[in-house]
Amino acid sequence: MELGKYFDGRPLTYDESTGTFRVGEAAVSAEQVRGYAAAAQITWANPDMAFWFGRSFPGSAVPSPAQPAAGAAPATPAAAPSATAPQPMPPGQSQYTPQGYPTQRQYQPAAPPPKKSKVGIIIAVIAVVLVLCSCVAIVANSPSSNTQPGTSTGTGSTSPANPGAAAPAAKKGLVVTESSFLAGEYGIRYVTGTVVNNSDKNYGYVQVAINLYDAQGAQVGSTMANINNLAPGGTWKFKAPILEEACTSFKVKDVTGF
């Protein structure tokens, strides 16, 4: 089960059969995941994942451990940060880089942050959990969440459910007006489309979630795209990468914001 993304693009997953967390291929503990979340190094797949983690693993927080290196054994909380371990992404950079694709820039490792007291970390974790719970409640009660009714293939965009019917009144909130496949460089494919903010509200964060299917209609994965600060009446051209080679169609699951 994919919970979200580490800041360097590696997926954060949880194996329910073994109770193991992984960042890419590196196994990590729940305490380490909690530390990454407190340091804002995790981009959750959606607010529900953050709520599930906070509810299912409510143990005491510990100082943030060394960052997980790809393919390396999990570090113990007391171990010193590795000189080659990935460091937090510099401010202003994208938090989403698909695993296996070249990044645009490489950054020199920053100096490890100063150690914090356990009391300070516990307060920070509690604050993060409370904020995430509030976000879940706001999104659940918001009319801006929209599931798009069509399934797209590799040659076209979303088809209306009833082409002959009169055009309905414009939806309020966040609306996906069109979506389609796009073939990029190096054989990489994307789902692209447009989200319109049909409201007078400024959204600080907007996310599009997309399910991916094979030729038999079985779901083979999912993808997402997000943006900050979508103004009232604004238009966002989103672009979400497709990592599954078996994908032949997709469906926009929902678009959320707060």
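Values in this text are rule-based calculations from the coordinates and carry no lab data. Just so it is clear, the model here is predicted, and its values are computed rather than measured. Glycine gets a Cβ as well: all are built from the backbone with ideal geometry, and neighbour counts include every protein chain shown.
Note the full-extension length gain between Ser17 and Ser134 as 0.36 nm times their separation in residues minus their Cα-Cα distance, in nm to one decimal.
Full extension of this stretch gives 39.1 nm more.
What distance in nm separates the simple spin-label points at Ser249 and Lys237, each placed 7 Å from Cα in the Cβ direction?
For the pair Ser249/Lys237, the computed spacing is 2.8 nm.
Sorted by average packing, counted as other Cβ atoms within 10 angstrom per residue and highest first, what order do 12-18, 39-45, 122-128 take?
Highest-to-lowest ranking by the protection proxy: 39-45, 122-128, 12-18.
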